[in-house]
Amino acid sequence: MLTRSFRRLLPAACALASALTLAGCGGGEKSEDSDASAKNTPAEVRLEEACGGVFDKEIAAEAARSGTDRVTPVKSERPAEAAAGLSKETTWGTGHDLCVLENGRGDELMSLDVAWVAHRVPGGDSVRASVGKPIGSSAGSLEVRCGLNERRTGNRYALEFNLRDVVGVSAHSHAKLLIATAKKVTSSMACQKQPQYPDPESVAPAPKPDKYGRVAR
């Protein structure tokens, strides 16, 4: 038989147990949310592992000297996917993010994108590179002739690859990044004439380190 004092304490005990149970359940939900957030956070990788391997050891070494050796790839579209989209598009100006890199704080370090532009490559060439004269974070561009059909002719349109760089690697590295990325995209496109890409060395010579190992930008 329950005593009168025990009967008075029973509702309070039940309320306490209920509160503890709810607190425990709430804690579990928070943990699950934290786990989901952690899974959705892009992983940090070495620069050479980012964006399909367009960053070679020399570029990675330059970036490391500037204090960047690990990056977080975000919003990067595979070259074959971008090529498929570009091949179907009938309007110009739709951009494709091919390589977007951030630091651990979410600040952009470098990005490469491509879009159709409504003019041909100047001079009748199949490729024109513009590097070595950065404006702000804009580090260079590469215009590529890739005629696909009567509507998308090489005399009226070109693919334009644009590079932004906050890290500050050399113009030679910019040329290598633009050319390597463009090759990956156009190799998956049915260009009537495959572009003739220049050697990066002819676009911007490789910088020579000084006696302290520093490389001019």
Among the listed residues Gly136, Gly147, Gly104, which satisfies the condition of being modelled with pLDDT under 95, on the phi > 0 side of the Ramachandran plot and surrounded by fewer than 20 Cβ atoms within 10 Å (Cβ to Cβ)?
Gly136
Can you list residue pairs whose Cβ atoms sit under 6 Å apart, with the first residue in segment 57-76 being in contact (Cβ under 8 Å) with a residue 24 or more places away in the chain and the second being surrounded by 16 or more Cβ atoms within 10 Å (Cβ to Cβ) and part of a helix (DSSP H, G or I)? Count only pairs 6 or more apart in sequence or on different chains.
Ile59/Ser173; Glu62/Ser173; Ala63/Leu47; Val71/Leu47; Ser76/Cys51
Listed by first then second residue, the pairs whose first member lies in segment 136-152 and is over 20 Å from Pro200 (Cβ atoms), whose partner is among the aliphatic types (A, V, I, L, M) and exposed (fewer than 13 other Cβ atoms within 10 Å of the Cβ), with beta carbons under 7 Å and at least 6 positions apart or on separate chains, are Leu148/Ala190
Within the bounds of segment 156-166, is there any residue that is of a type in the set (A, V, I, L, M), open to solvent by 30 Å² or more (accessible area, probe 1.4 Å), under 23 Å from Val45 (Cβ atoms) and touching a strand residue (DSSP E or B) at 6+ places or on another chain (Cβ under 7 Å)?
yes
Top-ranked residue of segment 79-91 - restricted to ones that are assigned to a loop (DSSP other than H, G, I, E, B) and either touching a Lys or Arg at 6+ places or on another chain (Cβ under 9 Å) or modelled with pLDDT of 95 or more (or both), ranked as nearest to Ala182 (Cα to Cα):
Glu89
Quick one: how many residues across segment 159-188 are within 20 Å of Thr90 (Cβ to Cβ) and touching a Pro at 6+ places or on another chain (Cβ under 9 Å)?
4
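The values are calculated or read from the model by the stated rules, or taken from the named source; none is laboratory data. Everything numeric here is computed off the predicted structure, so don't read it as measured data. With ideal geometry, Cβ positions are generated from the backbone for all residues, glycine too; neighbour counts draw on all protein chains shown. Ligands, DNA and RNA are stripped out before the accessible areas are found, and what is left, the full protein with its side chains, is counted by its heavy atoms. Shrake-Rupley method; radii C 1.70, N 1.55, O 1.52, S 1.80 Å.
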